[in-house]
Amino acid sequence: MRSIRSNIKYYVTGNVGILLLTWFLYAIGNAVTSPYFSIYLKMLGANAVDIGLTYSVSVVAQLMTIIPGGYLTDTMGRRLSIIIGTWLITITTYLMVIAPSWQLLAVFYALSMAAGFYQPALLAILIDSLPPEKYASGILVTSVLPQIPWLVLPPIGGLLINKYGLLGIRFAYLFSAAISTIVSIIRHFTIKETLNNKSRSISLRELLRSYYSLGNMTHLPSDLLIMYLTTLIMYIAVMPINTLLPIYVVYRLGLSTVYWGYLVSASYAAYILLGILLLFYVDKYRGKLLITGIIINTVGSAIGLLENTYSTIGYMLLLQVGAQLIMTAIQSELGNRINIDRRGYGMSLLITFQLIGQTIGSYVAGELYRLNTESLFLIPLVLSLGLMVINLGRAHRTVNE
């Protein structure tokens, strides 16, 4: 018990505790809105291709701000980046409440995504605030525990839509905006800076030059390049579950939006339980997390091909768990390999590849879904098999060396 208590203190105090709390609060708002964003677009007149394009364009918008976001993280510091970005997201969430058309909703969503330029600062300040031997468990606990609201709240969004239609989903987004306001206030007054040598001024020239950061990828060690490539492919693979799975469940399987909410809650319940169990082992077995996550994604995609309610639950659960293990492995390894004054840059590269993967995955998912609903499961299956080959080959070469 003493060991458990000593471990818990790393996750509930200081910046890590603040991030844990505010991500938990964000999840309360997101749990009643995110599962229904595609449906919100459809209710305003969007079709499957429009939905896919909305996600792709929005991810491109964030991509344009994430790259200089890494520069800002390493110059003006983590704290100021986080405060500005959090307030901007709050404002855009209020705008999404009143969107009169799917086109304007897409614009407001893109602006909200662009306001996420501070994501490298969040990852950097999380790593900065953890001891190296706790990187994997710290990343996992701040990823899993804030998802607890997803256990009970998604059906509420479905109930609002069932009872009030379009007005119901607007109520849900208004609630989410109010939660975001609380998060902004908490972060504004409690987050502590971890970058001691931050610059006092920002160079516009250096800010613009940050867009050339991808060119520096060629100078990275091959194992880090493979990690970034793995991130890219993994996010292409999981985007169908984020973009069109709600449409598939409601309009293909014929389930209600309330039932979809229950499916989301059930998958998150199993995901959180597994995450808590894994928490006690991830630091010890960190080297095996990557390939384990890839295998889980592969199995989950194969199960999804059965195309029924139970296989859909298995698909959602296994892809959530697999993707989280993959990203925990990659983020903790980057934390070990990158110095504190360059973590903003390293994390911005990571998020850049995430966003490129999301952009490609959203568009491809929308196009292929029109042709065959099985593409929701075939895309992650084929890509996960490719990742398995790449990373098993890398592990074999490492052993031989």
Handout entry: Cβ crowding within 10 Å averaged over residues, with 157-164, 375-382, 301-308 ranked highest first
Key = 375-382, 157-164, 301-308
Fill in the blank from the handout: In Å², rounded to a whole number, the accessible area per residue of the chain with probe 1.4 Å is 42 Å²
Handout entry: Highest average packing first - 124-135, 222-233, 26-37, Cβ atoms within 10 Å
Key = 26-37, 124-135, 222-233
Exercise for the section: May I ask you to give the average projected area over all directions of the convex hull of the Cα atoms of segment 251-401, in nm² rounded to one decimal? Expected result: 10.7 nm²
Problem - Computed accessible area, VAL57, all protein chains, 1.4 angstrom probe, square angstrom - result: 90 Å²
Completion exercise
Rounded to the nearest whole number, the per residue volume of the convex hull around the C-alpha atoms of segment 138-294 in Å³ is 213 Å³
Exercise for the section: Using a 1.4 Å probe over the heavy atoms of the protein chains, calculate the carbon and sulfur portion of the accessible area of the chain as a whole percent. Expected result: 66 percent
Fill in the blank from the handout: Sorting LEU273, LEU263 on solvent-accessible surface, 1.4 Å probe, most exposed first, gives LEU273, LEU263
Completion exercise
Rounded to two decimals, the Rg over Rh value of segment 28-116 from Cα coordinates and the Kirkwood Rh reads 1.02
Problem - Nonlocal Lys pairs with alpha-carbon distance under 26 Å, the chain (8 or more apart, or different chains) - result: 9
Exercise for the section: Could you tell me the distance between the Cα centroids of segment 144-191 and segment 24-95, to the nearest Å? Expected result: 14 Å
Handout entry: List LEU21, LEU166, LEU72, ordered by accessible area with a 1.4 Å probe, largest first
Key = LEU21, LEU166, LEU72
Handout entry: ARG343 accessible area, 1.4 Å probe, all protein chains in place, Å² to nearest 10
Key = 20 Å²
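The values are calculated or read from the model by the stated rules, or taken from the named source; none is laboratory data. All figures in this text were calculated on a predicted structure; none of them were measured in a lab. Methodologically, a virtual Cβ is constructed for each residue, glycine included, from the backbone with ideal geometry; neighbour enumeration extends over all protein chains shown. Protein only, heavy atoms only, side chains kept; ligands, DNA and RNA dropped before computing areas. Shrake-Rupley method; radii C 1.70, N 1.55, O 1.52, S 1.80 Å.
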